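Take a look at the structure below.
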Amino acid sequence: MSNVSITSQLLDLPSTIERIESGEFLIIAADESLLTQLPSGNWIGGTIPYFMSENGGLVSKDAIFVNAIEGLNGNAQPRITPYDSKSISRIAQDAPDNGFTIAIVPAGSDVHTEYAQNAPGFPNMFFSPLIGWIAGVHLDDVQTSQAKTVFGPGAMAMADKAVAMHVSLPANQIANIHIVNLFEQGDGPKIVFPSTGLTVNTCLVDGVETNIAEYINSNNIDTRLPLVADYNGINVNVSVQAINGDDVALYAPVFADVEYQFATPVADYVSSFNQAIKNQETEKAAYGCNCILNFLYSELEGKQTGSLTGPITFGEIAYQLLNQTLVYMSIENA
């Protein structure tokens with residue numbers, strides 16, 4: 001059995017078609033106009049025109065980011081599975097005994113909401129490494145375009161289904177998930193929401209019923225700072241998408257009865273982000289993605305993020321849905 005690894009590169013359309021037709025197992029990120037031109041094969045895909053390339057952050061509707069699963073000779077073939085909002089709860093149960101799962105979920109879909117709100121409680125979650133990202137669109141097109149995933153074996157573009165590739169590893173290898181998060185809970189009041197959701201209105205601020213939009217506006221909260229909760233010692237961010245009157249739209253759900261605080265301000269987002277990456281062993285990264293908010297707030301266009309490459313996304317999956325993080329997976333000797 002050979003060792004499994006993952007390679008990554010930006011390709012053009014003819015080169016990507018050639019790779020698919022050669023039978024390779026691929027994870028593909030590109031604008032919908034390109035994804036819909038690709039033939040059926042052993043691949044999954046998601047819409048996004050933002051990338052971390054070897055030359056730095058890139059916005060392009062003409063580039064295709066391709067990750068290839070290498071070293072499959074003698075190993076079990078990866079399984080490619082679509083999931084809707086009713087079947088997504090099986091994703092961790094379908095994972096290999098030793099291996100990993102890469103998933104792509106379309107932003108704004110029912111399956112996105114179901115995953116965001118309930119993934120931590122799915123059967124077998126946290127038993128096998130699960131990494132992935134939320135497909136999106138160019139920010140100029142958010143009001144007019146829908147994020148999509150593609151089930152490669154049928155070359156089917158879908159706005160309402162997630163796709164996953166379940167990859168087995170030989171016994172001498174193991175996959176590990178890593179999360180880079182700049183943010184910590186601040187020292188402001190504790191904010192608790194009465195129900196789980198992606199749109200919030202009423203909350204308790206230090207026990208006092210308050211409208212969250214009014215609280216943000218009257219206290220001049222910098223909405224580049226996420227709400228942060230401590231989940232068993234791990235800081236999990238919930239990022240503000242927009243304030244619409246009395247409602248606040250979020251990129252990930254808040255959970256009922258969990259205590260959140262707005263993050264401690266980061267003095268220099270760009271240098272803090274670069275330092276956080278330097279503290280990681282990113283040269284071991286086999287697969288990764290970065291958040292569109294890090295891209296925007298750190299002004300990453302044309303700037304490199306260590307040795308990490310991959311799509312820049314509308315949310316990151318490291319088991320559960322995350323925001324304003326960079327996640328990557330390493331494949332190491334067991």
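Full extension of the chain between Ala76 and Ser33 gives 12.2 nm of extra length, using 0.36 nm per residue less the Cα-Cα distance. Listed peptides 85-98, 211-224 appear in the order 85-98, 211-224 once ranked by packing, highest mean of other Cβ atoms within 10 Å at the front. Restriction of the GluC sites (Glu not before Pro) in segment 19-98 to DSSP coil positions whose beta-carbon has at most 14 other beta-carbons within 10 angstrom yields Glu54. Protection proxy ranking, highest mean first, for peptides 103-114, 260-271: 103-114, 260-271, where packing is the per-residue count of other beta-carbon atoms within 10 Å, averaged. Arranged from fewest to most other beta-carbon atoms within 10 Å of their beta carbon, Phe193, Phe255, Phe100 become Phe255, Phe193, Phe100.
Within the shell defined by Cβ-Cβ distances under 11 Å, the residues around Asp31 carry a net charge of -1, with Lys and Arg each +1 and Asp and Glu each -1.
Only lysine pairs 8 or more places apart, or on different chains, with alpha-carbon atoms under 30 angstrom apart are counted in the chain, and they number 12. Helices meeting the span-like rule in the chain (full DSSP H runs, Cα extent of at least 27 Å along the helix axis, mean Kyte-Doolittle score of -1.0 or higher) are absent. For the pair segment 258-300 / segment 161-234, the C-alpha centres are spaced 15 Å from each other. Report the paramagnetic label zone for Glu54: residues of segment 281-314 whose backbone N is under 13 Å from a point 7 Å from Cα along the Cα-to-Cβ axis. Those under the cut-off are 307-310.
Bear in mind that the values in this text are calculations on the coordinates, not laboratory data. Fair warning: this is a prediction, and the values are worked out from it, not measured in the lab. In this analysis, Cβ positions are derived from the backbone assuming ideal geometry, glycine residues included, and neighbour counts consider all displayed protein chains.
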